[in-house]
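Colleague: Here it is, the structure in full.
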Amino acid sequence: MRINQYIASAGVTSRRKADELIAEGRVKVNGKKLTSPGYHVEEGDVVEVDGARVEPAARKVYYLLNKPAGYVTSTADKQGRPLVTELVPDSVRVFPVGRLDYNTTGLLIMTNDGDLANALMHPSKEFDKRYLVRAQGIVTRAEAARLEQGIDIGGFVTSPAEVSLLKHDRNSTLAEIVIHEGKNRQVRRMFDAIGHPVLELCRTGLGDLTIGKLAIGQCRKLSPAEVEGLKRAVR
């Protein structure tokens, strides 16, 4: 088994992030620092990440988490900030699929299924990502139309989006936006581009999955039908 797949199947992180760990010199095989991401793990090999031995998990688990603000979407943080992995009550190690900003809340998939995670994050797979946004100032219909048509966010023009203006108050606008890519801080950059910085951001849906009534900071297991739906979507 290729080393990045082995690390992902152990519930440490995704295959893509495993390649980064190898490049950073944080992976050892049989006591020696690994230098090649192309290494294939053989029976009897001892694999360590950051000094801790890792082995493929015996069972695959899948959770939907309603991420709170103030948590890092990672399995480790040099600054010692709270991690989303701490919110999943399972003895099996899991990692987040994709990323939500430190101050962004909402739907996040947590799993130890590296193959599914890698497929879900592949650039060729464009899932609907639904967000509830509170933006500074009064967003006009004309400005929303710019977001819908696709907008330059700094070297990248977004695909057409769906935008609904839900409510205005004196100083802000509540809106819902559906995007189909997953560029870094994309929604925030889109609203910055029309002059309305995001004040609050919550991802409420991903593909067919929704947060529903799940409370902030809580998680639930995905049903077999929901897991199969995700697998079907990436085939």
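Colleague: Just one of (1) over 22 Å from the mean Cα position of the chain (by Cα); (2) part of a loop (DSSP other than H, G, I, E, B) trips up Arg146, so point out which.
Modeller: Result: Arg146 fails condition (2) only.
Colleague: Hey, another quick one. So, of the residues in region 36-75 that are of a type in the set (D, E, K, R) and touching a strand residue (DSSP E or B) at 6+ places or on another chain (Cβ under 9 Å), which turns out to be nearest to Leu199 (Cα to Cα)?
Modeller: Looking only at region 36-75, we keep the residues that are of a type in the set (D, E, K, R), and these are 42-43, 45, 48, 50, 53, 55, 59-60, 67.
Within this subset, residues satisfying the condition of being touching a strand residue (DSSP E or B) at 6+ places or on another chain (Cβ under 9 Å) are 45, 48, 50, 53, 55, 60, 67.
Working: Asp45: 49, Glu48: 41, Asp50: 37, Arg53: 42, Glu55: 42, Lys60: 36, Lys67: 17 Å.
Looking at the filtered set, the residue picked out is Lys67.
Colleague: Turning to a different aspect of this structure: So which residues in region 10-37 are farther than 21 Å from Asn112 by Cβ and either among the polar types (S, T, N, Q) or modelled with pLDDT under 90 (or both)?
Modeller: Selection gives Asn30, Thr35, Ser36.
Colleague: Restricting to region 192-224, and then to whatever is over 20 Å from Val94 (Cα atoms) and either touching a His at 6+ places or on another chain (Cβ under 6 Å) or without any contact (Cβ under 8 Å) to a residue 60 or more places away in the chain (or both), can you tell me which residue is surrounded by the fewest Cβ atoms within 10 Å (Cβ to Cβ)?
Modeller: So, considering only residues that are over 20 Å from Val94 (Cα atoms) and either touching a His at 6+ places or on another chain (Cβ under 6 Å) or without any contact (Cβ under 8 Å) to a residue 60 or more places away in the chain (or both), the one surrounded by the fewest Cβ atoms within 10 Å (Cβ to Cβ) is Lys213.
Colleague: Can you go through Asn118, Asn103 and tell me which one is among the polar types (S, T, N, Q), surrounded by fewer than 22 Cβ atoms within 10 Å (Cβ to Cβ) and touching a helix residue (DSSP H, G or I) at 6+ places or on another chain (Cβ under 7 Å)?
Modeller: One residue alone meets the criteria, Asn118.
Colleague: When you look at Lys167, is it part of a strand (DSSP E or B), free of Cβ contacts under 8 Å to residues at least 40 places away in the same chain, among the charged types (D, E, K, R) and not assigned by TED's automatic domain parsing to the domain that holds Glu226, yes or no?
Modeller: yes
Colleague: Right, something else. Could you tell me whether any residue of region 122-133 is over 19 Å from Ile211 (Cβ atoms), in a strand (DSSP E or B) and modelled with pLDDT of 95 or more?
Modeller: no
Colleague: Can you list residue pairs whose Cβ atoms sit under 8 Å apart, with the first residue in region 44-55 being outside the structural domain of Asp19 (by TED's automatic domain parsing) and within 12 Å of Tyr6 (Cβ to Cβ) and the second being modelled with pLDDT of 90 or more and surrounded by fewer than 10 Cβ atoms within 10 Å (Cβ to Cβ)? Count only pairs 6 or more apart in sequence or on different chains.
Modeller: none
The values are calculated or read from the model by the stated rules, or taken from the named source; none is laboratory data. Here the structure is a predicted model, which means the values were calculated and not measured. With ideal geometry, Cβ positions are generated from the backbone for all residues, glycine too; neighbour counts draw on all protein chains shown.
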